[in-house]
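Have a look at the structure below before the remarks.
All of the numbers you see were taken from the coordinates with simple rules; none came from a lab. These numbers were taken from a predicted model, which means no experiment stands behind them. Cβ: placed from backbone, ideal geometry, glycine included. Neighbour counts: every protein chain shown.
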Amino acid sequence: MRRSEATQSLGRRVRGRVVVEPEALATAGRDGSHLVGEPLAVVTPRDAADVVALVRWARRQRVPLVARGGGTSLDGESVPADGSVVVDLAGWNSVREVSAEGRWARVEPGVVNARLQEVVRPFGLFFPPNPGSWQTATIGGNVATNASGPRSFRYGPMRRWVCAAEVVLGTGELVRLGSRVAKRSVGPDLL
C-alpha cells in the first residue's frame, strides 16, 4: 500500500487528527536521544475508542505504532521505525481525579510528571518517581519505561506507583488492569 493510500485509509478509521506534513513528521521522528526515524503519519486520537480503531487498523495493515508523549527520552523509546505511525498522546494531559484519603490520582498518559506534583501537593501528597526529565516527561512515558530517579532508592521505580491502567492491547482490545485497592489477589498480576 502506498503512503497516500495508507494515510487515507487511516483517516477513515480514526476520528482524531492524522498529520502527514513533513515538518510535523520530522518533529515526531526524533526525541531527546537525537536518534531519527521517518514516520508514515502522526495520529492524535480523540479517546480510547480512537486508539482501539488505530490499533486494529495498524494490525490489519501491519504498520508499527509508537506512542509519544513529551518526546524527552534519552534512549530513543519514542523514535519511530521508518514507516510507522506515531500515536501522539501529549494532549491527553488531564489529572482526572485525586483521592487524598486513598492516596491515588487518576491521570491521562500525557500528564507531565511536574504537573502531577503540583496538583497533588495541596492534598499533602507527592509523586515519588522523579526521572531526570521529570519537569517535561509524561506519566505515560514514565510507566512505559519504568522510570526511576534519585528517590527510587527509597520509594522504588515507577511500577511501584501504578495500581491500575486502562490499556489497548495489540489485538485492539481495551482492557482495565489492576485496582485502586492496595492489596488484591484475584488472578495473575497483568499490570
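So here's what we get for this one:
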{"quantity": "P(r) tail fraction, the chain - alpha-carbon pairs more than 19 Å apart, %", "calculated": "61 percent"}
{"quantity": "Inter-part distance where region 80-100 and region 120-139 are each reduced to a Cα centre, Å", "calculated": "16 Å"}
{"quantity": "GNM flexibility winner over the chain from Pro109, Pro122, Pro131 (Cα, springs under 10 Å)", "calculated": "Pro122"}
{"quantity": "Long-range HN-HN contacts of Val107 with modeled amide H, under 5 Å", "calculated": "Arg96"}
{"quantity": "Relative contact order of the chain, pairs being alpha-carbon contacts under 8 Å that are 6 or more residues apart, as %", "calculated": "16 percent"}
{"quantity": "Relative counts (whole %) of C-alpha pair distances in region 3-88, using bins that are 5 Å wide", "calculated": "3, 17, 28, 26, 16, 8, 1"}
{"quantity": "Ordering of 26-37, 92-103 by burial proxy (mean other Cβ atoms within 10 Å per residue, highest first)", "calculated": "26-37, 92-103"}
{"quantity": "Dimensionless Rg ratio for region 95-163, taking C-alpha atoms and the 2.2 N^0.38 Å reference", "calculated": "0.99"}
